[in-house]
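*Asks:* Could you have a look at this structure, given as structure tokens, before my questions?
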Amino acid sequence: MEQIKQILKNKKIYLRDFIAIIVIFFLSLFVEQVLLQWNSFKNEKYEQTFQVSEVQKAENKDGETTYDFLFDGRYVSSIYLIYQSKTDISSRMKVTFYDGYGQKEVMELEDTASFLLGKSAVWVDQKVDSLKLTVENKDADKLNSIIFVNHTVFSWAKFLLVFSVLLLSYIFVSHCTFFGKRPEWMYAMVSVALGTVIILSAHHSFDSWDEQIHYNIAYTDSWVWNYMEYSDAVMSNVEMRVPTGDTLEEEQWIGEWLNQANDTVVLSSQKGRFLRYGQRAYLPQILGLGLGRTLGLSYVATVFLGKFFNLLFCTAVVTCAIRFSKYGKRTLMCVGLLPTTVFLFSSFTYDAFVIALLMLGIALFVTEYLSEEKIQTKRTMVSILAMVVGCFSKAVYIPFLALYWLMPKDKFYSRRQKNLFKAGIFVLLILMFASFILPLIGNVTSGAEVGDYRGGDTSQTSQLSMILGYPLTYTGVLLKSLGTTFASYFIGSKVLANFAYRGIYDGIGYFVVLLTMLFTFVTDFGMTEKTYDAQMKRKILMMKIWNAVLIFGTACLVWTALYLDFTPVGSMVINGVSPRYYLPLIFPLSLIFINQKVRCSMKLENYQSLIAFLMLIGTGISIYCLMLA
């Protein structure tokens, strides 16, 4: 009888979940097609085409031609310009429209249409009384037609964002007792869902820092053998010749143009067969691009797959960190779901690889350090390997490997084992530091003037001479840079909600993320039921102090590296230090807040579900405002 009751109960739950998914699906469609495009939805749908030869026009003395269009207050969602040209066409529009009170208002719009597309779209979203379109005389005969439309345009990214937020919220609430006990599952679902939204909303474009450079490296290495081909689409993105789209229609047209351009091979060359150690951070992206090309996918779909593989790999690494860590699970979830973190995970970049593996390595260290059992070889080796591999591309973060010098003697079976272990850590540190110090020394001894051309008049050799010649002056420059950016680079919107070329978000979503993260910092450790004795508290204090030293030292290395490579010689300010370079420092920073005095009275599953839900909402809002609004 009990078994029958349980079966019936499970069937009811399954039926409820099925109905909920169907309702959420159609509700998401309603939100995307109706609520988010309400003006287009409620007004009459139409498409009205004007041939330029039939439109009244006037030429003025400034060398421009103006076309006049009269309307009767009809709603216009977009205007399409159709043309044939070998150069870009710039235009201005003066729109007289009716506001919500029925009064006439005027707005001016500007548009630059790429000759590569042969058409452009301008978003109007008004009830138009009249419109004046102005172009230069030399471009007037290149316009073929002008189309006024009102229709809704389906956006997969907006639909997926709404669907993911509603569905995951339902899951976290209705299945709190199950998923609330598995924070790694909640993290993985939110990360993949929101990351996919970012990938879809980016379309074909590269929005992250120097993403076209990272894409070029990953694309080159995705060719398995020593031969590779560049299509016109690939070269256009690498050389930043791809048109920019201001509307969803233009993004779709650009994607179609790239898929067609991908059929034309413009360059083939030989390449090295093996990956350099600094480029192994691109492996997930390389696999995605290689698989897409092998399957014969379109150019845009292959780019999507490269980004998606990076998202899957980084999400899997952080999921493992949450799963196998005994401390800081909720903090790891917060850092992994920061808007900037998810944005980087969904882009072509090695920063994501570095962030994810450092989180795994440090999380496993904390678990090993605070455990009362003898040192676990497998866990320790995975932790060390994660830190070392994660720092292949950015060795400035390798000081965190020195956390293992904290291991107390009672963790080892003998004094000899302890000495060998710590000596091995020292050797690894020296080898990793040598990976960027030896090339610098080589440049200095050879007199080579090496620097980053993007930074201006840069030279590692001359800059190092300035540092060594005026150590106190440089120390002042360094400390000033660290002090003035401390708050903004650790908890500011520049680091937590920075989407590179898409902008920085400091609205309500950012504050939800910030407050959730700070709340988690001070309450996470208190959710542990075990109370620690005086000896364990001393261990924790030692970890806090040493961790703070390593954070400070790593920050100094980051600023110094950019001073040597990216800052003009003798400058009194340090250029090129992006706030995203502090992302790997946020989880170590949270360890300084470890305490058992601040406790949250919520049940553990409710507490973890709440953290996941708040990060879902905060990061979701940030993505919408920066990528979709």
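The values are calculated or read from the model by the stated rules, or taken from the named source; none is laboratory data. Every value quoted in this text rests on a predicted model; they were computed, and no experiment measured them. Positions of Cβ are backbone-derived with ideal geometry, glycine not excepted, and every protein chain shown enters the neighbour counts. Accessible surface is based on the protein model in full, side chains and every heavy atom, while ligands, DNA and RNA are left aside. Shrake-Rupley method; radii C 1.70, N 1.55, O 1.52, S 1.80 Å.
*Asks:* Kindly write out, for the stretch 110-123 in residue order, the coupling ³J(HN,Hα) from the Karplus curve 6.51 cos²θ - 1.76 cosθ + 1.60 (θ = phi - 60°), rounded to whole Hz, with x marking Gly and Pro.
*Replies:* Residue by residue, the stretch 110-123 yields 10, 8, 10, 9, 6, 5, 5, 8, x, 6, 8, 10, 10, 7 Hz.
*Asks:* While we're looking at this one, here's another question. Quick one: accessible area per residue over the chain, 1.4 Å probe, rounded to a whole number of Å²?
*Replies:* Each residue of the chain exposes 47 Å² on average to a 1.4 Å probe.
*Asks:* Quick check: Cα centre of the stretch 498-562 to Cα centre of the stretch 137-205, how many Å?
*Replies:* With the stretch 498-562 and the stretch 137-205 each reduced to a Cα centre, they are spaced 30 Å.
*Asks:* Out of these labelled values of semi-axes √(5λ) of the Cα gyration tensor in Å, (1) 109, 28, 17; (2) 48, 34, 23; (3) 48, 28, 21, which was calculated from the coordinates shown here?
*Replies:* Working out semi-axes √(5λ) of the Cα gyration tensor in Å from the coordinates points to (2).
*Asks:* Show me, for the stretch 179-196, the HN-Hα J-couplings you get by feeding each phi into the Karplus relation (A = 6.51, B = -1.76, C = 1.60, θ = phi - 60°), rounded to Hz, glycine and proline as x.
*Replies:* 6, x, 8, 10, x, 5, 5, 4, 4, 4, 5, 5, 4, 5, 5, 5, x, 5
*Asks:* Let me ask something else. Between 0 and 90 degrees, rounded to the nearest ten: what's the tilt of helix 248-261 against the longest Cα principal axis of the chain?
*Replies:* 80 degrees
*Asks:* Using the Cα atoms of the stretch 275-404, I'd like the radius of gyration and the largest Cα-Cα distance, Dmax, both in angstrom.
*Replies:* My reading of the Cα-based Rg and Dmax gives 15.7, 54 Å.
*Asks:* Quick check: the angle from helix 534-566's long axis to the longest principal axis of the chain, C-alpha only, nearest 10 degrees?
*Replies:* The angle comes out at about 50 degrees.
*Asks:* Now, a different point. Quote the accessible area belonging to Ile398 in square angstrom, nearest 10, computed with a 1.4 Å probe and with ligands, DNA and RNA left uncounted.
*Replies:* Probe radius 1.4 Å; accessible area of Ile398 about 0 Å².
*Asks:* From largest accessible area down, sort Asp72, Asp207; use a 1.4 Å probe on the protein chains.
*Replies:* Descending order: Asp72, Asp207.
*Asks:* What is the stretch 475-616's relative contact order, in percent, from Cα pairs under 8 angstrom and six or more apart in sequence?
*Replies:* Relative CO of the stretch 475-616 lands at 38 percent.
*Asks:* As a test of reading the structure, rank Trp257, Trp185, Trp405 by solvent-accessible area (1.4 Å probe, protein chains only), most first.
*Replies:* Trp185, Trp405, Trp257
*Asks:* Still on this structure: Determine the gain in length on full extension of the stretch Ala548-Met572; use 0.36 nm per residue of separation and subtract their C-alpha separation, reporting nm with one decimal.
*Replies:* 6.0 nm
*Asks:* Right, here's the next one. Could you work out what % of the accessible surface of the stretch 110-202 is carbon and sulfur, using a 1.4 angstrom probe and leaving DNA, RNA and ligands out of the count?
*Replies:* In the stretch 110-202, the share of accessible area belonging to carbon and sulfur is 61 percent.
*Asks:* Using the Cα gyration tensor of the stretch 540-619, with a ≥ b ≥ c the square roots of its eigenvalues, what is the shape: rounded (a/c below 1.5), prolate (a/b larger than b/c) or oblate (neither)?
*Replies:* Since a/c reaches 1.5 but b/c is at least a/b, the shape of the stretch 540-619 is classed as oblate.
*Asks:* Which Cα, out of Phe421, Phe30, Gly296, lies furthest along the positive dipole direction of the chain (beta carbon charges, K/R +1, D/E -1)?
*Replies:* Phe421
*Asks:* Further question on the same structure: Can you tell me the orientation of helix 156-174 relative to the chain, as the angle in degrees between its alpha-carbon axis and the longest Cα principal axis, to the nearest 10?
*Replies:* That works out to roughly 40 degrees.
*Asks:* Oh, and also: What full-extension length gain, to one decimal in nm, is calculated for Met381 and Phe25 as 0.36 nm per residue of separation minus the Cα-Cα distance?
*Replies:* 123.7 nm
*Asks:* Quick query: amide H of Ser231 versus all other amide H atoms, modeled in the peptide plane; which residues come in under 5 Å with a sequence gap of 5 or more or a different chain?
*Replies:* Val266
*Asks:* Can you tell me the order of 479-490, 494-505 when each peptide is scored by its average per-residue count of other Cβ atoms within 10 angstrom, highest first?
*Replies:* For the peptides 479-490, 494-505, the packing ranking is 494-505, 479-490.
*Asks:* Same structure, new question: Please work out whether the stretch 467-549 counts as rounded, prolate or oblate from its C-alpha gyration tensor, where a ≥ b ≥ c are the square roots of the eigenvalues and a/c under 1.5 means rounded, while otherwise a/b larger than b/c means prolate and anything else oblate?
*Replies:* Taking the square roots of the gyration eigenvalues as a ≥ b ≥ c, the stretch 467-549 is oblate.
*Asks:* Between Asn39 and Glu108, what's the calculated FRET efficiency when r is the beta-carbon distance and R0 is 25 Å? Round to 0.05.
*Replies:* With R0 = 25 Å, the Cβ-Cβ based efficiency is 0.80.
*Asks:* Ranked from highest to lowest mean number of other Cβ atoms within 10 Å per residue, what is the order of the peptides 373-379, 552-558?
*Replies:* Highest to lowest by the protection proxy: 552-558, 373-379.
*Asks:* Let me ask something additional. Gln126's amide H: which non-local residues (gap 5+, or another chain) put their own amide H closer than 5 Å, with H modeled 1.01 Å from N in plane and none for Pro or chain starts?
*Replies:* Close amide H contacts, sequence-distant or interchain: Val76.
*Asks:* First check a/c for the stretch 345-445, with a ≥ b ≥ c the square roots of the eigenvalues of its C-alpha gyration tensor; if it is under 1.5, answer rounded, and if not, answer prolate when a/b is larger than b/c or oblate otherwise.
*Replies:* It comes out oblate by the Cα gyration axes.
*Asks:* Another question about this same structure. Over the stretch 154-228, what relative contact order in percent results from Cα pairs under 8 Å that are six or more residues apart?
*Replies:* After rounding, I find 35 percent.
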